[in-house]
1. Cα gyration tensor of the stretch 241-289, axes a ≥ b ≥ c as square roots of the eigenvalues: rounded (a/c below 1.5), prolate (a/b > b/c) or oblate?
2. Considering only the other residues whose Cβ falls under 9 Å of the Cβ of residue 144, what net charge follows from Lys and Arg at +1 and Asp and Glu at -1?
3. Using modelled backbone amide H atoms (1.01 Å from N, in-plane), which distant-in-sequence or interchain residues come within less than 5 Å of residue 3's amide H?
4. Taking springs between alpha-carbon atoms closer than 10 angstrom, which of 170, 250, 78 fluctuates most in the Gaussian network model of the chain?
5. Mind checking the angle between helix 324-333 and the chain's longest principal axis? C-alpha axes, 0 to 90 degrees, to the nearest 10.
6. Tell me the mean residue ellipticity at 222 nm calculated for the chain from its helices only (DSSP H runs of n ≥ 4, each -39500 (n - 2.57), averaged over every residue, nearest 500).
7. At a threshold of 8 angstrom on Cα-Cα distance, excluding pairs fewer than six apart, so keeping six or more, what relative contact order does the chain reach in percent?
8. Give the aspartates and glutamates whose C-alpha is closer than 19 Å to that of residue 278, dropping any in the same chain fewer than 8 places away, or say none.
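All of the numbers you see were taken from the coordinates with simple rules; none came from a lab. Not measured: the values here are computed from a predicted model. With ideal geometry, Cβ positions are generated from the backbone for all residues, glycine too; neighbour counts draw on all protein chains shown.
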Amino acid sequence: MKYAIIIPDGSADEPQESLHGKTPLQAADVPAMDAVATAGVVGRASNIPETLPPGSDVANLSLLGYDPLQHFTGRAPLEAAAQGIALGPDDWAVRCNLVTIEDQVMRDFTAGHISTEEAADLMKTAQEHLGDERWRFHPGVSYRNLLVYRGEGAEAPFSRHTRTTPPHDLTDKPVLDDYPRGPGSDRLTQLMSDSVALFADHPVNVARRRQGKLPATNVWLWGLGSTPRLQSFAELYGKRGAMITAVDLLRGLAVLIGWQRIEVPGATGYTDTDYAAKGRYAVEALGDFDLVCVHVEATDEASHEGDAVAKVKALEQIDRHIVAPLHQALQSQGAYRILVSPDHPTPLRTKTHSHGFVPFAIAGTGVSPDAATTYDDLTAEKSALALAEGWKLMSFFLG
């Protein structure tokens, strides 16, 4: 039996006036997803417990079959694992976004999708002037970077009561009330404040302003935590898996559950990603693994920008270049199952992640079709198949 999972990140949404009262999934031309729905079942699952923050970290941990109430420790440790940064028992990782804040309003949580090279230059400067042996800035991909605290036997300055706010939850909103709070927050806030003066006349920002681009005004620190201890997927579910993604969060999850990471040239984590390349690499990987998971960030990025047209277009690209060839390849090789599911809703109205159910479709060997013929939010709402604990969907999917 071969398995494939396609995650169109944040694609669950509400009806949009700009889409004539349809949700993005309803408005998109997605015949391959509809074919999965027709051949199998459509249901809905809630991947984020109400007591946890509505982020991709919690949601994807759940979607991959791990109870977030048992295993979630924070987002940054997952991304540290992706970068090969080992965390000791006294260490903490902190997500370090490069952002654009103007007049204390979050203008852009990506600093204009700053390049990886520019970000690395800024992170180097931050380490030279703000870091030390305990506090270490690590460059990542584009605006997504890390700060690591090395405890080395010292009492950690943070705890599970330290509260931070994801910058993508603050788009076009004032940030004054959303700086870190709780244990260790003074140090984090000070680093954020110090980076403003440090970056103001940095050559990277001087050049970006000259080119008409947004500057990276400062770092925004959030998503801190220690490394979670996760049982391998092979031990838990008996399947060897592989992950295709351009996002460090998913790369890190793959590392921690023992999946192979497959890097795809042209995969960007944005709407300009090479969808076709992801599809080709996924089809090729079916020969080497029991389960192949393809995560696509583009739909979530479009939601954060409030761009309904871009969200619909991304869904259509995922359908044509990933779902369609994967489903065809699975059907041609024998026994199989395929799952299409977002991790969480990201409504275009709010431009941020939210709690709530997401639609899923499963087809393949041993799956008796229900009456659904389309894959979308409203079809899922009508289904009697609902999982309030989304992490249990994996067992249902694997059969």
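1. Verdict is oblate for the stretch 241-289.
2. -1
3. 291, 292, 337
4. Result for the chain, Cα springs under 10 Å: 170 fluctuates most.
5. 50 degrees
6. It comes out at -9500 deg cm²/dmol, rounded to the nearest 500.
7. Once normalised by length, the contact order is 34 percent.
8. 9, 248, 263, 288, 290, 297, 300, 301, 316, 319, 343
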